[in-house]
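The values are calculated or read from the model by the stated rules, or taken from the named source; none is laboratory data. Source: prediction; values computed, not measured. Here the Cβ is made from the backbone with ideal geometry for all residues, glycine too, and neighbour counts use every protein chain on show.
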Amino acid sequence: SSVKFRVERLPLTGTPVYCISYGKLLTSSVLKNLHAVKRINFAADRTLRKITTRLSFSEILMIAKTFAKESGLLASKRVIKIIDAIEKRGGHATMIMLGEGVVSDIPFTGALKLTVSGLESQTAG
């Protein structure tokens, strides 16, 4: 059976993105836990229904944070503390997938500033 995906470009070119990474979570270790996979899939189904091309970057971050919480992936106390601090300052943030890190729409201590590119990425397949 083949899975079909619909891809739509979001109008975010030039949007500043602030992020920090403390390390990665091994996808394979997460996927070996059947309870975790079921929880992630349930949260993903709910989340995908909320995504449209009319979302702002801040709205995307809020949806992604809800997914991270509902899926059980958002567990790092350090990451939760940074997200809370960003939100108290009026920003929006979530964890990076899959890793111990944060992505935000406002600067925060230690963050690297990046910009969303309009270029299409190419991956080896």
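Below is a table of values for the structure above.
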| quantity | calculated |
| --- | --- |
| Number of positions in the range 32-58 that are closer than 21 Å to Gly101 by Cβ, surrounded by 13 or more Cβ atoms within 10 Å (Cβ to Cβ) and either among the hydroxyl-bearing types (Ser, Thr, Tyr) or free of Cβ contacts under 8 Å to residues at least 12 places away in the same chain (or both) | 2 |
| Matching helices (runs of 4 or more DSSP H) fully within the range 1-99 where at least 3 residues are at pLDDT below 85 and out of contact with any strand residue (DSSP E or B) (no Cβ under 7 Å at 6 or more places or on another chain) | 27-31, 34-48 |
| Members of the range 53-102 found to be under 17 Å from Thr15 (Cα atoms) and among the hydroxyl-bearing types (Ser, Thr, Tyr), listed by number | Thr53, Ser56, Ser58, Thr94 |
| Among the residues listed as Lys88, Lys113, Lys69, Lys65, the single one being more than 13 Å from Ser21 (Cβ to Cβ) and either in contact (Cβ under 8 Å) with a residue 40 or more places away in the chain or hydroxyl-bearing (Ser, Thr, Tyr) (or both) | Lys113 |
| Residue match in the range 115-122 (condition: touching a helix residue (DSSP H, G or I) at 6+ places or on another chain (Cβ under 9 Å), at pLDDT below 90 and part of a loop (DSSP other than H, G, I, E, B)) | yes |
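Yes/no matrix, rows are residues, columns are (1) under 13 Å from the mean Cα position of the chain (by Cα); (2) over 22 Å from Lys24 (Cβ atoms); (3) surrounded by 14 or more Cβ atoms within 10 Å (Cβ to Cβ):
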| residue | (1), (2), (3) |
| --- | --- |
| Leu61 | yes, no, yes |
| Phe67 | yes, no, yes |
| Arg78 | no, no, no |
| Gly90 | no, yes, no |
| Gly101 | yes, no, yes |
| Asp105 | yes, yes, yes |
| Gly110 | no, no, no |
| Lys113 | no, no, no |
| Gly118 | no, yes, no |
